[in-house]
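This report refers to the structure that appears directly beneath it.
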Amino acid sequence: METNDKLIERLIALAFAEDIGDGDHTTLSTIPAEARGCQQLIVKEEGILAGVAMARRVFQYFDPELKMTVFIEDGAHVRPGDIAFEVTGSTRSLLQTERTMLNIMQRMSGIATTTHRYQQQLEGTGCRVLDTRKTTPGMRLIEKEAVRIGGGTNHRIGLYDMILIKDNHVDFAGGIDRAVSAAKAYCKERGKRLKIEVEVRDSHEIEQALRAGVDRIMLDNFTPERTREAVRQIRSADPRVEIESSGGITYRTLRAYGESGVDYISVGALTHSVKGLDMSFKAKK
């Protein structure tokens, strides 16, 4: 399996391949090869800044001679007019890296800002907001990093780092008991130490999951009232089992779920439909 660094490097390479193709003919035709300049990343909207470290990787990948001076780090609360960093070097390189860097930074900052709002809504409950696998294909690692920067918690990265037995798995396997038993045997046979989580739809399935001995139970599409009942049921049986709420939870209903006693709330909206944070990369005069 490729390392995270290798995957991110491939993402950057693909981003430049789709943007530049056989050459940025506008820049190549209008800017002399020897020209040098400086551009600044200017924030145009209040939020949480994310992607500074990724921006550095983008510049270094394209042109190692570009020099980046950072004024505001990832995770900082920014406002319109803030200058996050400036980059000096080849004017051609600055112009050719601009859009790829901005696409990544605006996306990551939008995710971090949304995540921050959601986690703030849970303040005082002890509950953590989780991301999901509902990410942009190829950009999962940086989108999940943005969630972390915004104060959220990463769920599993992919299908390889946790066993999550969902409703379809349960139905195809012939029930929770069979599915969990098979998962435990699989891990033992292959020497894997993976957490096992099971999605449940009612109190009967909660009982089955508890009997099977899972690490986490996901309450799927429970109302806040049913969630409180489920939390009591699980805590009284085995207080070590983690509890996660999922399914149709919005910013408006988030607090009610957090106050029900669950450990985590997974929210697909952190990554699948977030608005990018407005910013620009302008020449320093």
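Run down the lysines and flag those whose C-alpha is under 27 Å from the C-alpha of K188, throwing out any fewer than 8 positions away in its chain.
Reachable lysines: K166.
So what is the relative contact order for the chain, in percent, with contacts set as C-alpha pairs under 8 Å and at least six apart?
Rounded, it is 23 percent for the chain.
For a quick check of understanding: with a 1.4 angstrom probe and all protein chains in place, what accessible area in square angstrom does C38 have, to the nearest ten?
Rounded to the nearest 10, that gives 20 Å².
To the nearest 10 Å², what's E34's accessible area with a 1.4 Å probe?
140
Can you give the accessible area per residue of region 57-119, in Å², using a 1.4 Å probe?
For region 57-119, the solvent-accessible area averages 41 Å² per residue.
To the nearest 10 Å², what's M54's accessible area with a 1.4 Å probe?
20
Excluding Q119 itself, what net charge comes from residues whose Cβ is under 13 Å from its Cβ, given Lys and Arg +1 and Asp and Glu -1?
On the way: positive: R117, R128, R148, R255; negative: E123, D131.
Here the count lands on +2.
Return the whole-Å distance between the Cα centroid of region 34-104 and the Cα centroid of region 209-252.
After rounding, the separation between the Cα centres reads 43 Å.
With θ set to phi - 60° and the Karplus curve 6.51 cos²θ - 1.76 cosθ + 1.60, what are the ³J(HN,Hα) couplings of region 119-131 in order, to the nearest whole Hz, using x for Gly and Pro?
Each residue of region 119-131 in turn: 5, 4, 5, 9, 3, x, 8, x, 8, 10, 8, 10, 8 Hz.
Of the accessible area of the chain, with the probe set at 1.4 angstrom, what percent is carbon plus sulfur?
Roughly 49 percent, rounded to a whole number.
Putting +1 on Lys and Arg Cβ atoms and -1 on Asp and Glu Cβ atoms, find which of V78, G151, Y251 reaches farthest to the positive end of the dipole of the chain.
G151
Assign unit charges at the C-beta atoms only (+1 for Lys and Arg, -1 for Asp and Glu), then state the dipole size of the chain relative to its Cα centre in Debye, rounded to the nearest 20.
Dipole magnitude for the chain comes out near 280 debye.
What is the magnitude of the charge dipole of region 166-232 about its Cα centre, with +1 placed on the Cβ of each Lys and Arg, -1 on the Cβ of each Asp and Glu, and no other charges, expressed in debye to the nearest 20?
460
How would region 1-78 be classified by its alpha-carbon gyration tensor: rounded, prolate or oblate, with rounded meaning a/c under 1.5 and the a/b versus b/c comparison settling the rest? Before the final figure, lay out the partial values.
Values: a/c = 1.99, a/b = 1.18, b/c = 1.69.
Since a/c reaches 1.5 but b/c is at least a/b, the shape of region 1-78 is classed as oblate.
Any of K134/K195; K134/K282; K67/K282; K44/K285 with alpha carbons more than 23 Å apart? Name them for me.
Cα-Cα > 23 Å for K134/K282; rest within.
The values are calculated or read from the model by the stated rules, or taken from the named source; none is laboratory data. For clarity, every value in this text was computed on a predicted model and none was experimentally measured. Methodologically, a virtual Cβ is constructed for each residue, glycine included, from the backbone with ideal geometry; neighbour enumeration extends over all protein chains shown. Accessible surface areas use protein heavy atoms only, side chains included; no ligands, DNA or RNA. Shrake-Rupley method; radii C 1.70, N 1.55, O 1.52, S 1.80 Å.
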